[in-house]
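Below: one structure, written as structure tokens.
The values are calculated or read from the model by the stated rules, or taken from the named source; none is laboratory data. Keep in mind that what you see is a predicted model, and the values were worked out from it rather than measured. Cβ atoms come from the backbone with ideal geometry, glycine included; neighbour counts cover every protein chain shown.
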Amino acid sequence: MRYCFFLLLIGVTTAFAAVQNTKPAVTNSASQNTNRTATNTVITNTATAKTTAADKPAVMQPVSISNNVSTSNEAVTVKSAAAPAAPVAAESKEETAYEFFTRTLTYGTPSQIKDAVERTKKSKNAREMAYIASHFAEERRKAVKLTTISFFKTIIDNNAKAVLRVAVKDEDEAVKREAFSMLAYYPDKEFEPNLIEGLKSKDVTTVDGCIKALGEIKSELAVSNLIAMYTNGVIKDSTRGEIIHSLGVLKAKEGETFIRAAASDIGEGAFLRYQAIVALGAFPSKENFTLLREILAEESPELSARVIYVLPSFAAFTDVRREIMDAAKSDAEKVRMYAVTALKNYKDDDVKKLLIYRIVSDNAPDVIYEAVESLSAFSDGPGTRASESVIETLKNVTRAGYAAKIKKRAKEILAERGVETDEKKK
């Protein structure tokens, strides 16, 4: 009995040992199977696949393969990687730049804001210019306000009116003064009361700018103010000149007496007389024409040029063409030059002969150049005697010893008419 029990015990032990010997084979097989499956599986985070005999066979779910998975016999490792950044659209970049610009105007120092505004001055970005104007009402710093006003003096833009509406009421005198100066760049009836108020400024540049702007907006309200300023005798010559000019632009009959007096007074400065002569063009009359002829006889180049400029307004009282032709024969070089330039508006045979004479006989290059330019205005048909004389004169200019710019202009005129010069024929 004991012997039978002993044999039974040996049998059980042997069987148990046999089972134990089969475990490594199962483990190796399962591990290899797991590694093969891992190549087709996406595993997040770093993981090592291990299998033992106690593990139950896993049921693998099919998934897509990732490029970020690396495998080996011992482990499967997933490489963590950030998703590639999407390309930034051009609109997004522009929006980012604009947002940065707006933040600079809101939070930047005066020097940073000045730099940003200078860049906008070069780029002329419409959105940025609009923001500069809209931001002005919120701005408290004097330096930034002055930067904005200076910007809109350089870059003329309708957005500036939003700045003006606020700036002319600013508590700071420096800002207010610059605002009145800025008004001259934006003549508008809306600002008529502000412009009249600007006449009281102590800054001459501001006053002169307001006077000019009042003339441009045809302010009838300003006439009495301008005359009162002119007669008080304590204003600068530049201011008197601007008043005379604006009274002429406004055609203010009340100002004609002052305009005549300024034009005829040889003791006055050239600038004031210059402005008065131009203003006389607004009041054509026999009396004023006689005054202009007297000024023309002075043979002052600057004054004669202005007389020639306004003479067409007096056509009812004289042969304007003849007056200009007479001026073209003056001993004063600049008077001849201005007269020859004005003759471009008259296309008859006498004018043509005078222009050709000036080209052939004058010794002043500027006079010759303007005569060539005026001669180009004649457009007679081909084959006519007059046309031949014009073309032959211009050809001679290209051959003779004239200044380079005169020759060049003559060649251009001939080319416009389809006439070849001697150089091209060669």
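Give segment 226-262 a look and list any residue that's part of a helix (DSSP H, G or I), over 37 Å from the mean Cα position of the chain (by Cα) and among the polar types (S, T, N, Q), or say none.
Thr231, Thr257
Only one of Glu268, Glu298, Glu192 is of a type in the set (Asp, Glu) and modelled with pLDDT of 90 or more; which?
Numbers: Glu268 fails: modelled with pLDDT of 90 or more; Glu298 fails: modelled with pLDDT of 90 or more.
Just a single option satisfies the conditions, and that option is Glu192.
I want to confirm something. Restricting to segment 196-212 and keeping residues that are within 24 Å of Thr257 (Cβ to Cβ) and of a type in the set (A, V, I, L, M), which single residue is surrounded by the most Cβ atoms within 10 Å (Cβ to Cβ)?
From segment 196-212, those within 24 Å of Thr257 (Cβ to Cβ) are 196, 199, 207-208, 210-212; that's our starting set.
Adding the requirement that they be of a type in the set (A, V, I, L, M) leaves 196, 199, 207, 211.
Details: Ile196: 16, Leu199: 19, Val207: 24, Ile211: 30.
Out of the qualifying residues, it is Ile211.
Working carefully through the options Ile368, Ile391, find the one that is over 30 Å from Glu287 (Cβ atoms), among the β-branched types (Val, Ile, Thr), in a helix (DSSP H, G or I) and modelled with pLDDT of 90 or more.
Ile368
Output the qualifying pairs, or none if there are none: Cβ atoms under 7 angstrom, residues six or more apart or on different chains, first residue in segment 294-321 and of a type in the set (Val, Ile, Thr), second residue at pLDDT below 90.
As it stands, the answer is Val307/Leu296, since those pairs meet every condition given.
Please pick out the residue among Val223, Val204, Val175 that is under 25 Å from Val144 (Cα atoms) and modelled with pLDDT of 90 or more.
On the way: Val223 fails: under 25 Å from Val144 (Cα atoms); Val204 fails: modelled with pLDDT of 90 or more.
Answer to the check: Val175.
Conditions (1) closer than 20 Å to Lys176 by Cβ; (2) in contact (Cβ under 8 Å) with a residue 60 or more places away in the chain; (3) in contact with a strand residue (DSSP E or B) (Cβ under 8 Å, 6 or more places away or on another chain); (4) not aliphatic (A, V, I, L, M), marked per residue:
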site: Gln112; (1), (2), (3), (4): no, no, no, yes
site: Asp115; (1), (2), (3), (4): no, no, no, yes
site: Glu118; (1), (2), (3), (4): no, no, no, yes
site: Ala126; (1), (2), (3), (4): no, no, no, no
site: Met129; (1), (2), (3), (4): no, no, no, no
site: Arg140; (1), (2), (3), (4): yes, no, no, yes
site: Val144; (1), (2), (3), (4): yes, no, no, no
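Given the criteria in a helix (DSSP H, G or I), in contact (Cβ under 8 Å) with a residue 24 or more places away in the chain, in contact with a Phe, Trp or Tyr (Cβ under 6 Å, 6 or more places away or on another chain) and not acidic (Asp, Glu), does Phe271 qualify? Outline the logic, then answer.
Working: in a helix (DSSP H, G or I): yes; in contact (Cβ under 8 Å) with a residue 24 or more places away in the chain: yes; in contact with a Phe, Trp or Tyr (Cβ under 6 Å, 6 or more places away or on another chain): no; not acidic (Asp, Glu): yes.
No; evaluated as a whole, the condition is false for this residue.
Scan segment 274-299 residue by residue and report those that are surrounded by fewer than 20 Cβ atoms within 10 Å (Cβ to Cβ), part of a helix (DSSP H, G or I) and among the polar types (S, T, N, Q).
Thr290
Here are some conditions: (1) closer than 18 Å to Lys169 by Cα; (2) surrounded by fewer than 19 Cβ atoms within 10 Å (Cβ to Cβ). Ser224 meets all but one. Which one does it not meet?
(1)
Restricting attention to segment 347-365, and to residues there that are acidic (Asp, Glu) and assigned to a helix (DSSP H, G or I), which single residue is modelled with the lowest pLDDT?
Taking segment 347-365 as the starting set, the residues that turn out to be acidic (Asp, Glu) are 348-350, 362.
Narrowing the set further to residues that are assigned to a helix (DSSP H, G or I) leaves 349-350.
Values: Asp349: 89, Asp350: 93.
Here the residue is Asp349.
Specify the residue that is surrounded by the most Cβ atoms within 10 Å (Cβ to Cβ); the eligible residues are those in segment 142-182 that are among the hydroxyl-bearing types (Ser, Thr, Tyr) and either part of a loop (DSSP other than H, G, I, E, B) or out of contact with any Ser or Thr (no Cβ under 6 Å at 6 or more places or on another chain) (or both). First the steps, then the outcome.
Applying the first criterion (among the hydroxyl-bearing types (Ser, Thr, Tyr)) to segment 142-182 yields 147-148, 150, 154, 181.
Now restrict to residues that are either part of a loop (DSSP other than H, G, I, E, B) or out of contact with any Ser or Thr (no Cβ under 6 Å at 6 or more places or on another chain) (or both): 147-148, 150, 154.
On the way: Thr147: 20, Thr148: 26, Ser150: 16, Thr154: 11.
The qualifying residue surrounded by the most Cβ atoms within 10 Å (Cβ to Cβ) is Thr148.
Do we have Lys344 as assigned to a helix (DSSP H, G or I) and without any contact (Cβ under 8 Å) to a residue 24 or more places away in the chain here?
Working: assigned to a helix (DSSP H, G or I): yes; without any contact (Cβ under 8 Å) to a residue 24 or more places away in the chain: no.
Judged against the criteria, Lys344 is not a match.
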